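The values are calculated or read from the model by the stated rules, or taken from the named source; none is laboratory data. Keep in mind that what you see is a predicted model, and the values were worked out from it rather than measured. We place every Cβ from the backbone using ideal geometry, glycine too, and count neighbours over all the protein chains shown. Surface accessibility is based on the protein's heavy atoms, side chains included, excluding ligands, DNA and RNA. Shrake-Rupley method; radii C 1.70, N 1.55, O 1.52, S 1.80 Å.
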Amino acid sequence: MADLLGAYTQIFIMLVIVVVGYVATKLKYITAAGFSSINSLLIHIALPCMIISSVASLDPTTGAAQVPWFFVMAFTQFMLLFAIGLLLNALLRIPNWQQPLYLFGNVCTNTGFLCLPIIAAVYGDQTVLGSSIYVLMCNLFLGTLGVAVLESGDPTRRAPGEETGKLRLRFSPRMLWNAPLVGCVFALILFFTGLRLPAMVDVTISTIGATCIPLAMMVVGSALAQSDLKSVFTDGRVYAFCLIRQFIIPAASYLVLAQFIADPVLLWVFTIMFAAPVGVMAPAWADNHHQDGIFAARLTVISTLGSFVAIPLLITLMALV
């Protein structure tokens with residue numbers, strides 16, 4: 001099980017940067033106004049650049065036979081995640097005001113920083129292309145379904161007299177015009193056409209995109225510094241959510257799919273991506289839509305800690321079955 005070192009290393013790096021954000025906020029280096037400004041910077045600039053740079057070096061002709069299946073399985077997984085989110089909201093009796101955040105956390109997963117490197121570390125470079133397709137699909141869902149979910153709970157978009165916190169999905173063409181989704185569409189064009197950006201432009205975008213993950217994790221730490229830590233670690237619903245979403249459902253999915261899919265790479269990527277924790281961008285998205293970024297940070301931290309247990313157990317399960 002030496003390959004698990006890569007998984008633990010990625011999770012440890014994430015938690016250390018969260019602590020840095022926590023300390024920086026306690027020392028007043030990150031203020032409340034700065035917290036919101038960093039969130040806007042992440043969503044409108046850093047995240048689109050990271051999405052574009054993530055496909056810059058990928059060659060769709062490598063493993064060409066697997067590419068369509070990766071897209072099909074990634075799309076199916078995120079549709080399932082949305083459906084599971086609705087089910088868990090009902091099963092766990094989530095309060096109305098928290099339902100959009102739980103549902104969004106189910107779609108906004110940490111496929112990029114956490115799961116992609118873990119999968120590559122454990123199973124090798126043959127998984128990188130497939131994992132990157134999941135990252136693209138995640139961002140595509142964030143810019144469409146994810147926005148609809150958050151806007152359903154945005155108090156500034158609630159009609160006069162409308163029940164507070166009532167989950168009602170609304171879709172409009174305006175939702176399609178957001179920076180992450182534009183970045184995702186542009187990345188897909190680059191991926192399928194094989195076009196490459198000029199070297200200087202590519203390096204510039206990659207450099208800006210590289211700030212996304214550390215800044216996002218510091219935002220998580222900052223949000224925790226503004227919250228009651230006792231409430232963070234004593235919320236039973238969050239633990240139940242993580243147990244079901246990050247271990248029970250991925251394990252059951254693997255056991256079922258293994259009976260029908262012979263390609264182990266497709267199974268490895270699908271299973272680990274299914275167990276992805278709530279993404280580090282969740283607090284920024286929540287805050288940007290006038291919702292509780294602090295509670296979103298709670299979901300992120302607990303689910304990330306849960307990954308420290310769930311992902312190694314899933315890797316062990318796949319090695320034994």
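Key figures for this structure:
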read-out: Accessible heavy-atom area order of PHE308, PHE70, highest first, probe of 1.4 Å; value: PHE308, PHE70
read-out: Probe 1.4 Å - accessible area at PHE233, Å² to nearest ten; value: 90 Å²
read-out: Cα-Cα P(r), the chain, percent of pairs per 20 Å interval; value: 33, 60, 6
read-out: Stretch gain in nm, segment MET200-ILE248, where the contour uses 0.36 nm per residue and the Cα spacing is subtracted; value: 12.7 nm
read-out: Efficiency of FRET from Cβ geometry, LEU313 and TYR29, R₀ 56 Å, rounded to 0.05; value: 0.90
read-out: Span-like helix ranges in the chain, DSSP H, alpha carbon extent 24 angstrom or more, Kyte mean at least 1.0; value: 4-26, 67-91, 293-320
read-out: Where N is the number of residues in the range 46-91, Cα Rg divided by 2.2 N^0.38 Å; value: 1.61
read-out: Furthest towards positive pole of dipole, ALA284, LEU215, ALA225, structure part the range 193-321, Cβ charges; value: ALA225
read-out: Accessible surface of the range 221-316, 1.4 Å probe, proportion on carbon and sulfur as whole %; value: 69 percent
read-out: For the range 183-321, fraction of C-alpha pairs farther apart than 23 Å, in %; value: 52 percent
read-out: Distant-in-sequence amide H partners of THR109 (H built 1.01 Å from N, under 5 Å); value: GLY279
read-out: The range 202-261: C-alpha gyration tensor shape, a/c 1.5 cut-off, then a/b vs b/c; value: oblate
read-out: Linear extension gain, SER37 paired with ALA262, 0.36 nm per residue minus alpha-carbon span; value: 76.3 nm
read-out: Mean-position separation - Cα centroids, the range 23-100 and the range 242-257, in angstrom; value: 20 Å
read-out: Counting all C-alpha pairs of the range 253-321, share separated by more than 19 Å (%); value: 46 percent
read-out: Mean projection area, nm², convex hull over Cα of the range 72-153; value: 5.7 nm²
read-out: Estimated Rh, the range 1-152: Kirkwood, alpha-carbon pairs, angstrom; value: 17.6 Å
read-out: Relative contact order of the chain, pairs being alpha-carbon contacts under 8 Å that are 6 or more residues apart, as %; value: 32 percent
read-out: Accessible surface, the chain, averaged per residue in Å² (probe 1.4 Å); value: 43 Å²
